[in-house]
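Asks: Before we start, here is the structure in question, set down as C-alpha cells.
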Amino acid sequence: VGNGNNAAQRAISEADILQLNGDRLYALSRFSGLSIIDVSNPQALRLEGVYRTAAEPFEMYVQDGLVFAMFNGWYSYQCNEQGVCSWQQTSRMQAIDARNPADIQLLADHEVPGAISDSRRVGDVLYLATHEWGGCWGCQTVPNTTVTSFNVANPTELTQVDQLRLPSPPETYLGE
C-alpha cells in the first residue's frame, strides 16, 4: 500500500462509490477494490489499506469499520460434472472487516441470483433486490425479481434470512 498523497488521490478518482465515516473515506472501485483513506488532514491524504476485488460495485454500507459491499459482474471459472468449464457471472454480497485498514479481512461472502438492482439496510437486516432473465438465448423468457434478506447483526456470521422469488406476469415476456 502506498501511503503517499498520490496513491490516496488515485483511489478516490477511480472510485465508483465513496462513503465518509469519521476521518476515513471508503472508496469502492471496480479496478482497485476497497481502499481506505485517512482524510483527517485534507492536505496530506494517506492510503491506509486496500482490499482487492474485480467486480462492479453496486452499493456499500459502512458502520464502525465494517463494510457490507455488494457487487454485480463477479466472474468465476466453473466446471460442471461433465468437465465442461466456462466463465460464469454472478452477484455477491460481502462483509469486510476494515477496522484495521492495514489488515482488511473478508468475513463473509454470499452469491445472490441475477444482477443487484436495489438494496436497503433496516436495522440488522440488509435487503437485496435482484433481477434476472431466464437462461435462454434468443427465446422469450420470463424475468424474475428476487428479494434476499441477510442478518448483518454479526458480520462474521452473516446469514441469509429469507429469499422470495417473484416471477413477472406472462404479459412482460420479450416481444409482447
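The values are calculated or read from the model by the stated rules, or taken from the named source; none is laboratory data. Quick caveat, the model's predicted, so the values are computed rather than measured. All Cβ positions, even for glycine, are placed from backbone atoms using ideal geometry, and neighbour counts span all protein chains on display. To get the accessible areas, we keep the full protein, side chains included, count just its heavy atoms, and leave off ligands, DNA and RNA. Shrake-Rupley method; radii C 1.70, N 1.55, O 1.52, S 1.80 Å.
Asks: May I ask which residue of Pro113, Trp87, Asn6 lies farthest towards the positive end of the charge dipole of the chain, with charges of +1 (Lys, Arg) and -1 (Asp, Glu) on Cβ and the Cα centre as origin?
Replies: Checked the options; the winner is Asn6.
Asks: Mind giving me the nanometre distance, one decimal, between the label points for Asp124 and Ser76, set 7 Å out from Cα along Cα→Cβ?
Replies: Computed distance between label sites Asp124 and Ser76 equals 2.8 nm.
Asks: Moving on to the next point. Please build a GNM for the chain, connecting alpha carbons under 10 Å apart, and tell me which residue among Gln82, Gln43, Gln63 fluctuates the most.
Replies: Gln82
Asks: Right, here's the next one. For Cα pairs less than 8 Å apart in space and 6+ apart in sequence, what is the mean separation divided by the residue count of the chain, i.e. the relative contact order in percent?
Replies: So the answer I get is 12 percent.
Asks: Same structure again: Treating the beta-carbon of each Lys and Arg as +1 and of each Asp and Glu as -1, no other charges, what is the dipole magnitude of the chain about its Cα centre, to the nearest 20 debye?
Replies: So the dipole magnitude of the chain works out to roughly 360 debye.
Asks: Still on this structure, I have one more. Does anyone have the angle between helix 5-14 and the longest principal axis of the chain? Alpha-carbon axes, 0 to 90°, nearest 10?
Replies: Compared with the principal axis, the helix lies near 20 degrees.
Asks: Note the listed values (i) 27, 19, 15; (ii) 34, 18, 16; (iii) 41, 18, 14, then indicate which one is semi-axes √(5λ) of the Cα gyration tensor in Å calculated from this particular structure.
Replies: Here semi-axes √(5λ) of the Cα gyration tensor in Å agrees with entry (ii).
Asks: At 1.4 Å probe size, put Tyr75, Tyr61 in order of accessible surface, largest to smallest.
Replies: Accessible-area ranking of Tyr75, Tyr61, largest first: Tyr75, Tyr61.
Asks: Follow-up. Any idea what the relative contact order of segment 1-62 is, in percent, if you count C-alpha pairs under 8 Å spaced at least 6 apart?
Replies: About 34 percent, as a whole number.
Asks: Related question: Accessible area, 1.4 Å probe, largest first: how do Ser117, Ser13, Ser29, Ser76 sort?
Replies: Ser13, Ser117, Ser76, Ser29
Asks: Give me the percent of accessible area attributable to carbon and sulfur for the chain, probe 1.4 angstrom.
Replies: Ligands and nucleic acids excluded, carbon and sulfur give 48 percent.
Asks: Can you give me the accessible area per residue for the chain, using a 1.4 Å probe, in Å²?
Replies: Averaged over the residues of the chain, the accessible area is 56 Å².
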